[in-house]
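Just so it is clear, none of the values below were taken in a lab; they were calculated from the coordinates. Just so it is clear, the structure is predicted and the values come from calculations on it, not from any experiment. Cβ atoms come from the backbone with ideal geometry, glycine included; neighbour counts cover every protein chain shown.
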Amino acid sequence: MQRLAEQILTHAEGLPEGAPLAAKGLLHLGSRAGVDQALSRLAERGQLIRAGRGVYLRPIKSRFGTRAPSVEQAVEALAAQRGEVIVPTGAAEANALGLTTQVPVRSVYLTSGRSRTLSLGKQLVELRHAPRWQLALGKRPAGSAVRALAWLGPEQAETALRSLKQRLPAAAFDELVTAAPQFPTWLARSVGKAAHV
């Protein structure tokens with residue numbers, strides 16, 4: 001019979017790049033204590049990357065050596081595994097939508113789960129718990145606009161909304177207007193004004 005560590009590695013190799021491993025998903029291979037210990041040993045040997053508490057990733061091997069999976073892939077896989085909504089922050093969304101030239105230096109994402117930090121090789125990824133209204137429209141263009149507006153704040157929202165009305169497809173802007181009752185008062189008021197201009 002294969003040793004537990006080898007079984008875990010075989011299982012990890014069958015997963016897509018960036019897919020997280022958690023002890024709960026490996027209980028078909030052995031006891032919880034055995035799986036935890038095997039994961040810990042594999043991480044110590046460099047065969048797995050310990051990304052956070054109870055979350056492990058398979059390193060990617062290339063001709064230049066091994067590296068951690070991309071942040072985007074790891075975050076998407078973690079969201080799928082845990083059933084959480086994980087999306088970029090308002091600063092990143094505002095930059096992507098052309099509302100600011102500031103480029104976020106750190107990798108920060110908003111999540112419906114608890115706040116925590118993931119370690120992907122030498123890169124730290126911060127997951128911050130966010131209010132439901134910022135996550136309501138997910139990764140759709142209207143959701144990106146909501147997070148960008150939340151980051152810009154009440155002072156810049158109306159100016160940004162005029163720009164967004166021209167940049168977003170009409171369907172996405174309509175979706176933003178339809179979702180306005182979920183937003184804080186200042187944002188709902190700004191979206192309402194922009195819809196009637």
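Label positions at residue 182 and residue 53, each projected 7 Å from the Cα along the C-beta direction, are separated by 2.8 nm.
Site pair residue 44 and residue 115 shows an inter-label distance of 3.3 nm when each label is modelled 7 Å from Cα along Cα→Cβ. Translational diffusion of segment 60-108 was estimated from the Stokes-Einstein equation, with Rh taken as the Kirkwood radius over Cα pairs; at 37 °C and 0.692 mPa s the coefficient is 256 µm²/s. Stretched out straight at 0.36 nm per residue, the stretch from residue 196 to residue 24 would grow longer than its current Cα-Cα span by 56.8 nm. By its C-alpha gyration tensor, with a ≥ b ≥ c as the square roots of the eigenvalues, how is segment 86-127 shaped: rounded for a/c under 1.5, else prolate for a/b larger than b/c, else oblate? Taking the square roots of the gyration eigenvalues as a ≥ b ≥ c, segment 86-127 is oblate.
Ordering 5, 197, 125 by Cα displacement along the dipole of the chain toward the positive end leaves 5 in first place; charges were set at the Cβ atoms of Lys, Arg (+1) and Asp, Glu (-1).
If R0 is 35 Å, the Cβ-Cβ spacing of residue 128 and residue 3 corresponds to a FRET efficiency of close to 0.35.
The Cα atoms of segment 11-128 define a convex hull whose projected area, averaged across directions, is 8.3 nm². One Cα centroid belongs to segment 46-60, the other to segment 105-158; the line between them spans 24 Å. One quarter of the surface of the convex hull around the alpha-carbon atoms of the chain equals 13.2 nm², the direction-averaged projected area. Across segment 2-31, the residues whose backbone nitrogen lies under 15 Å from the label position 7 Å along the beta-carbon direction of residue 62 are 17-18. With a cut-off of 20 Å on the backbone N, the residues of segment 97-127 near the modelled label site 7 Å out from residue 70 along Cα-Cβ are 97-98, 103-110, 118-127. Per-peptide packing, taken as the mean over residues of other Cβ atoms within 10 Å, places 57-64, 156-163 in the sequence 156-163, 57-64 from highest down.
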